[in-house]
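Enquirer: Next up is a structure, given as structure tokens.
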Amino acid sequence: MRTKIITKLSQGLLLIATSMFVVNVCVLLYGIVARYLIGHSPIWMDELSRYLIIGSVLLAVGPAWLKKQHMRVDFIEHILPSKQRVMLTVYTWLLTVSLSGYTAWCSWHYAFSVSRFTTMGLGISKTIPLLALPVGFACLFLIVLLKGPELKRDRADGVTR
């Protein structure tokens, strides 16, 4: 059941992130065409493009963590004995859960603390683009929490990984 929830959440996040990326490409292409046909690109184009790329990256953080497609230095895990490897795995899982949860909580409060300010190009409340932070980190928190620490045995050498 947990695996199905994680898979559906991951697929949904990747679908939204991909859609945001496609919209970003369209906005950039519109800006390029406008610059060459009209002589200048709309002021809101750069800002919207920036918000879309940041939002798409933050939504893809959870699925990237799930598929181990993020940047990580893991050479230490391969040289540690079994017991220390388990301890390191649990430690990194706890650290990821606590930091992503704390970042989601702090960024949620920050996003709403700047609600009276508006963006320069789009003229919308700064809360709207800043919500990408708590949403992205909350999704990472949920995925990491549901997945749990990965403690499985390697069949070849019987070592817990």
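The values are calculated or read from the model by the stated rules, or taken from the named source; none is laboratory data. What you see is a predicted model, and the numbers here were worked out from it, not measured in a lab. Positions of Cβ are backbone-derived with ideal geometry, glycine not excepted, and every protein chain shown enters the neighbour counts. Remember, those area values only see protein heavy atoms, side chains included, never the ligands or the DNA or RNA. Shrake-Rupley method; radii C 1.70, N 1.55, O 1.52, S 1.80 Å.
Enquirer: Which residue pairs have Cβ atoms closer than 8 Å, lie 6 or more positions apart in sequence or on different chains, and pair a first residue in the stretch 111-128 that is aromatic (Phe, Trp, Tyr) with a second residue that is surrounded by 14 or more Cβ atoms within 10 Å (Cβ to Cβ)?
Expert: These pairs meet every condition: 112/127; 117/125; 117/126.
Enquirer: Select from the stretch 62-96 the residues that are closer than 20 Å to residue 133 by Cα, open to solvent by less than 50 Å² (accessible area, probe 1.4 Å) and of a type in the set (A, V, I, L, M) and list them in ascending order.
Expert: 64, 66
Enquirer: Among the candidates 93, 65, which residue alone is within 23 Å of residue 7 (Cα to Cα), of a type in the set (Phe, Trp, Tyr) and touching a residue at least 60 places away in the same chain (Cβ under 8 Å)?
Expert: Only one candidate qualifies: 65.
Enquirer: Within the stretch 1-100, considering only helices (runs of 4 or more DSSP H) that don't extend past its boundaries, which have at least 3 residues that are under 19 Å from residue 148 (Cα atoms) and either modelled with pLDDT of 95 or more or in contact with a helix residue (DSSP H, G or I) (Cβ under 9 Å, 6 or more places away or on another chain) (or both)? Spell out how you get there, then give the answer.
Expert: On the way: elements: 2-37, 43-66, 75-79.
Qualifying helices (runs of 4 or more DSSP H): 2-37, 43-66.
Enquirer: Ok, one more. Going by the conditions given, is residue 102 touching a residue at least 12 places away in the same chain (Cβ under 8 Å) and either more than 12 Å from the chain's Cα centre (by Cα) or open to solvent by 80 Å² or more (accessible area, probe 1.4 Å) (or both)?
Expert: Considered against the rule, which asks whether it is touching a residue at least 12 places away in the same chain (Cβ under 8 Å) and either more than 12 Å from the chain's Cα centre (by Cα) or open to solvent by 80 Å² or more (accessible area, probe 1.4 Å) (or both), residue 102 comes out as no.
Enquirer: Return the total of residues in the stretch 1-29 being surrounded by 14 or more Cβ atoms within 10 Å (Cβ to Cβ) and hydroxyl-bearing (Ser, Thr, Tyr).
Expert: Count: 1.
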